[in-house]
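Inspection log for the structure reproduced underneath, given as structure tokens.
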Amino acid sequence: MTMQFLGLDYWKKCQEVANADEEFGIKTKMFDATFTYRVTDKDDQPEIYVKFVDGQITEVRELSEGEKTDFTLEGTYSIWSQVNKGELDGSNAIMTRQLQFKGNMSAIIRYSKAFLRLFELMQTIPVEY
């Protein structure tokens, strides 16, 4: 079954895939933080709240209005799609600010391998663009 790329069902599937992945669990060990994932140029795409607790994604839902998270990763739908299709490297997208990262950079750099693993896992989910 294919699902809408970056929709809530898609992120719930990411949670399932990531939590079942041993490598992701090791790379996110002791990482406790909340994230907002946002598409900047499509109003019909919900902002997604994701909570990481010590090697697991424990919560995925739509962000509540006015709610703040520790970190935000946002970009245009086209950039997200290129990263997901493997046409654009996730870390390069962040370094060149095509995907904009907001939050404590040193904390994220420490866990950058975990997020690159998450990008790899995201690519395994069948989606419609």
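The values are calculated or read from the model by the stated rules, or taken from the named source; none is laboratory data. Everything numeric in this text was worked out from a predicted model, so none of it was measured. Glycine also receives a Cβ, built like all others from the backbone with ideal geometry; neighbour counts cover every protein chain displayed.
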In this structure, does Asp9 turn out to be farther than 20 Å from Phe101 by Cβ, free of Cβ contacts under 8 Å to residues at least 24 places away in the same chain and assigned to a loop (DSSP other than H, G, I, E, B)?
-> no
Modelled with pLDDT of 95 or more, in contact with a strand residue (DSSP E or B) (Cβ under 7 Å, 6 or more places away or on another chain), acidic (Asp, Glu) and outside any loop (DSSP other than H, G, I, E, B), is that true of Glu23?
-> no
Could you please give the count of residues in region 80-118 that are touching a helix residue (DSSP H, G or I) at 6+ places or on another chain (Cβ under 9 Å), under 13 Å from Thr28 (Cβ atoms) and part of a helix (DSSP H, G or I)?
-> 8
Residue list for region 26-62, restricted to those being in a strand (DSSP E or B), of a type in the set (Val, Ile, Thr) and either touching a His at 6+ places or on another chain (Cβ under 8 Å) or in contact (Cβ under 8 Å) with a residue 24 or more places away in the chain (or both) | Thr34, Thr36, Val39, Ile48, Val50, Ile57, Val60
For region 34-45, how many residues meet the condition of being in contact with a Phe, Trp or Tyr (Cβ under 9 Å, 6 or more places away or on another chain) and modelled with pLDDT under 95?
-> 2
Consider Thr76 against the criteria (1) under 14 Å from the mean Cα position of the chain (by Cα); (2) modelled with pLDDT under 90: it satisfies all of them except one. Which criterion is unmet?
-> (2)
